[in-house]
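First up is the structure itself, then whatever we jot down about it.
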Amino acid sequence: MATFPQSPPLTTETSIIEEEGDVFEITDFTSASDWEQFMSELEEVFNEWKVDGGGRFSVKSGGTGLESVPEAERMADSRHATAAAGSNATRRFGTDRHLHRQQHTWKDQSCSVRYMDCEFRLTHHCQVQPPKPSEEDQPDLAGTDEAGKAAEQPPASDSKTFWPPVLHQIASSDNDFPSVAHCLTRWFGLRELIVVKPSQDQTVCNESRLRLLLSSLCITAHNAGCHLPIFLQVGRPDRRLYFGQALGSGLRTRFEIAQLCKIPRHYRHLQGAIDMFRQRMACPAVQSGSQFSSSNGPSISAAIRLSYSLSQFSDRLLACLSPLPDTLRHRRNQQQRELDLPARLPIGPCEEPISELQLAAVWPRLAEEMVVDTESYTDLDPLHAPVWTLRARFLDDALCRLTDCLGRLLRLCSRRETVHDLLAALFTSSPTAAGVGGTSTGSGGAADGGGGGGKSSDGAALESATASRALDRLTGSRVPSMTDAATGVVRRATSKLSVRSDQSAPLSEAQLNNLLHFLFPDAAGVSNATQQQPQQYSERAQKLARDLKCAPLGSLAHRLTLAVATLNHTHSSGIHAVAHLWQEVVLELRYRWENSCPLPAAATASPSAETEDSQCQEDIVETPPDLGTSLLHQKLQMLQLCIGRKLAREKTSSMATVQQREESESVTASSEQQSNNDVNMEGDVSVDGEDGEDEFFECEEEPMQPDHQPDGRLRQFVVASTSSSASAAEPVRLLKRPDRVLWVPATQQAPPMTEDSLEEHTELLAKLGTDSQAAALRARMQSSSLLSDMQAFKAANPGCCLEDFVRWHSPRDFSNGQLSARMQLPGNIWLETWQLAKPIPARLQRRLFDDTKEVEKILQQLSGLTPAEVAKLLLPNAVLDGLASLVDLPAEEAAMLSESAPKFLRTLEAACEKACDATRERTANPDRYESLVNDIAYLELQVVRLRSLLFKFNSCCTGVAKDSSYSTDPVTRQFLLDLLRQPEVPVVGASRGPIGSALQRMFVESHAASAAVAAAAAAANSATSATLPESSSATNSGGKFPPFTAKEMLLRCVAPRPGPGSRPTPQRLYCVLARDDYRFAGAFTEDTTFL
């Protein structure tokens, strides 16, 4: 813009003169218009991108890496001012991004410019090619004629010297039918181009505006020295219509695209496309005899590609699929269907993960005279094609069994229904269920029936059944046989809930028995088919189970997780079935406690160490809850421990009763005069034997006299001698009574605690305060076990002292014949407890751990859980089972997955670490578990994709349906790996190789199945038989191979245009005939210097 000098200030005279005269306006014609500003912006962008035909990007000489110009990189990340003409146009340069393609790397850069009221997006696409493979690596192109290759070469040896790079790209066959590329690259074979698109809400539909923009782009490219082809998108974006030009070396190439709704029949075949190509070129040299005519050689070469799609697989190839959960949910015979309870949560697809297999039969180079493709006859048989390529399209959101099962279980955690709400309308409580029928609703259990008035019939039945059970307990044996007790466990447990006649239960009797047999396989009468064999887990899975805070694999909690997850995933009732099963499990646990039946595998670390029925009860008692496992498993371990202690106590009490009766009978036989007294004494002893347990545990403790007889001795206390001369260790004697040996007493075990009980105990101690009285009270509460040990020690060692107890209980606090300093402090808890302790043997002491109260507490907690709370307790176990299944994959599958998906192993390790953190939280965090399920979904999707390919190709290669464990040959293995990693893979040997034969069988079977279905549908509808499309009627290979879904024809010719004296330049026409796309894309070059 011109700058005018500043004028001096006006004087009074001059101002008067100007007021009298007319006002003179000066218009500045040097300011840039919108079009000039647009041109300036474009030219600046081209200069900064350095698109002079050679491209902005340089390739390293030794490989395929990218090397960006440093100055250009700084340009792309910096902000730019407006045009020098004072334009208010703005540009927004985007950052470069790398797009990794098959065998090629694309690097794009883009920016935005504005012209008037429309914003345009400029994108520069540049393809960097890797080094060309050697001749040994090239595929065998059998049947390719050398005349076809000659057709692509110009007649003169130096005719390529004046071609710009864009013409070399058009004439080259390297980019014919690329697997992944820009659509313009596929249509015109370009490796570097510039695309201009209007904003999303605007389109270029006006022809005059199209010509204006194209001319502006061409002028700008010429001024910037850019020889790259520039394309402008017109019309709707979904139509992908572009018009472009390329200028350089006195040549002009026009790029034109035509999309038709219906194509004439003649142009569906190669001969019609050739005729159209000749007419469009309008070149006399091609139509008449010359050095480029057909008399001297083939003037036009062709490359043809036929695509075949397979989206509906035959039933034989879908044998690896499991039914969809929604299909199972709508089965009418759901109640009669047998439940398939797996040994672990299965990995597999619910739907076919492969959405489509696209087979392409390619004829890379054909001369015009070599092939005939007309309406009446065609030589294009896919079985004779020299090149085959295969593309597998996978579903990104394919429904998989493990992922869907975990997802449904995770969604169950957010439900708010209680067991009472779900089962109140279906069931009435039986007498046995009255004690455990309560739920978290706070309005009473299922036994209450929701009423509060008089005694109903259910209440009378409850009272009668309770009395009957009491009589059975009084007259029955106190120690039931293990086999007899386990015989009716499942049978009695399944009858605890009586179903109303007008309602149907979520679980039928057969399904419920099947579930309970799965959870409690120790019940008698279980058939061999139903009895589950122990599942073997690898060492990696066992290590993972130890790292996670969950139930061990194969334990009762783990089996319960499998049952609940399976019901929630596949059963028609869903959450109602889960509530029904949970209610029955709680009733079963109560029944086993009342009848002293141990739980199967409740306190075991693995199925290999599963507790057998014949195992000693002492082993059950000595197994405390493992705080490193899940809370539900700890509860079951505590229940198992309580059952073991109850059995041991009942066994001891029974043995004492039998001994007392034997002594009474001996006294009766020795003295006939005291027979009546003996009988009375026998009755008294029997009553005392029954009440002895109550006195032993519930009544006040009665201390023994100072000169009492020793009681509760186990063994002599022996300390190993330190002197080498001592031949054997001698027992320790009391300090005040050297004539007496110190005996180790029988003591009570420390009270075991679960994780939640330990937290409650810790909170209770913390709430006592910090003063002296609180500290003393806290010490007394913690010294209950110490007091019990002192009482048992005094009962076993009459005449003992505190020093004797310390020598046995805490040897470090007794040295040099006296107590340690801390034991002699005033107010020591040991001294105070010793003074309070009385000689009472352990069997007569009040129990430190009341197993009856603990079991009732556990059963009440379990019966009050909602299905959502149950799902939260089982969720860590489900995650462990899913990860264990992924960890225990076969070695061949794991190796192929690590090669096909490099991040598979990294994702699996990350998922295991996430599971360790998520399972150790006090409460389940839904966000953590959702992220974990997403990782498992990715892992399972990779597994099912590989298994689907293995199954299909193994079945088609052998003709027999086999699983994924079938060993594949190295060629097929590498082909499947490439199919998972790359978008399109060449088939070795085409139709003549083993893979080609498998593909041919696969396509033929699916086509035959589809034809049978179509024929059946036509017969049912009384319609005429369906006819094949006209475009594929001649390509059906005798009715064996399916019709093609797309036909691509690429025609090339080197000829002078527009006149015979023009320089020869490459011409190109691309035709695609598909179901939804009829498109012709032509690149026609003409000489602007020699017309």
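The values are calculated or read from the model by the stated rules, or taken from the named source; none is laboratory data. Since we're looking at a predicted model, the values are computed, not measured. FYI the Cβ positions are ideal-geometry reconstructions off the backbone, even for glycines, and counts take in every protein chain you see. The area values use the complete protein model at the heavy-atom level, side chains included, leaving out ligands, DNA and RNA. Shrake-Rupley method; radii C 1.70, N 1.55, O 1.52, S 1.80 Å.
Descriptive notes on the structure:
For every residue, the table says whether it meets (1) touching a residue at least 40 places away in the same chain (Cβ under 8 Å); (2) in contact with a helix residue (DSSP H, G or I) (Cβ under 9 Å, 6 or more places away or on another chain); (3) hydroxyl-bearing (Ser, Thr, Tyr).
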residue: Pro738; (1), (2), (3): no, no, no
residue: Leu742; (1), (2), (3): yes, yes, no
residue: Gln748; (1), (2), (3): yes, yes, no
residue: Ser757; (1), (2), (3): no, yes, yes
residue: Asp771; (1), (2), (3): no, no, no
residue: Leu787; (1), (2), (3): yes, yes, no
residue: Ala792; (1), (2), (3): yes, yes, no
residue: Asn797; (1), (2), (3): yes, yes, no
residue: Leu802; (1), (2), (3): no, yes, no
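- Filtered by the rule that a residue be open to solvent by 40 Å² or more (accessible area, probe 1.4 Å), at pLDDT 85 or above, hydrophobic (A, V, I, L, M, F, W, C) and in a loop (DSSP other than H, G, I, E, B), region 743-757 gives a lone residue, Met753.
- Note on region 970-1001: residues that are touching a Cys at 6+ places or on another chain (Cβ under 9 Å) and open to solvent by 50 Å² or more (accessible area, probe 1.4 Å) total 4.
- Condition broken by Pro165, with the remaining ones in (1) farther than 20 Å from Thr1088 by Cβ; (2) open to solvent by 30 Å² or more (accessible area, probe 1.4 Å); (3) out of contact with any helix residue (DSSP H, G or I) (no Cβ under 7 Å at 6 or more places or on another chain) satisfied: (1)
- Among the residues making up region 880-935, those that are of a type in the set (Asp, Glu) and in contact (Cβ under 8 Å) with a residue 24 or more places away in the chain are Asp881, Asp888, Glu892, Glu893, Glu899, Glu930, Asp935.
- Considering (1) assigned by the TED database to the domain that holds Lys543; (2) surrounded by fewer than 15 Cβ atoms within 10 Å (Cβ to Cβ); (3) touching a residue at least 12 places away in the same chain (Cβ under 8 Å), the lone condition that Lys853 does not fulfil carries the number (3).
- When the test is whether a residue is basic (Lys, Arg), surrounded by 14 or more Cβ atoms within 10 Å (Cβ to Cβ) and in contact (Cβ under 8 Å) with a residue 12 or more places away in the chain, Lys872 passes it.
- Residues that are under 22 Å from Pro1066 (Cα atoms), open to solvent by less than 40 Å² (accessible area, probe 1.4 Å) and in contact (Cβ under 8 Å) with a residue 40 or more places away in the chain within region 245-269 comprise Ala246, Gly248, Gly250, Leu251, Thr253, Phe255, Ile257, listed in sequence order.
- Of residues in region 758-778 being among the polar types (S, T, N, Q) and in a helix (DSSP H, G or I), the one surrounded by the most Cβ atoms within 10 Å (Cβ to Cβ): Thr762
- Qualifying residue in region 569-591 (condition: among the polar types (S, T, N, Q) and under 17 Å from Asn877 (Cβ atoms)): no
- Checklist (1) at pLDDT below 80; (2) in contact with a strand residue (DSSP E or B) (Cβ under 8 Å, 6 or more places away or on another chain); (3) under 28 Å from Arg391 (Cβ atoms); (4) surrounded by fewer than 20 Cβ atoms within 10 Å (Cβ to Cβ) applied to Thr123, failing item: (1)
- As a summary of the residue check, Leu865 satisfies the conditions (1) open to solvent by 10 Å² or more (accessible area, probe 1.4 Å); (2) under 30 Å from Leu939 (Cα atoms) except for the one numbered (2).
- Members of region 801-845 found to be at pLDDT below 85 and in a loop (DSSP other than H, G, I, E, B), listed by number: Asn816, Gly817, Leu825, Pro826, Gly827, Asn828
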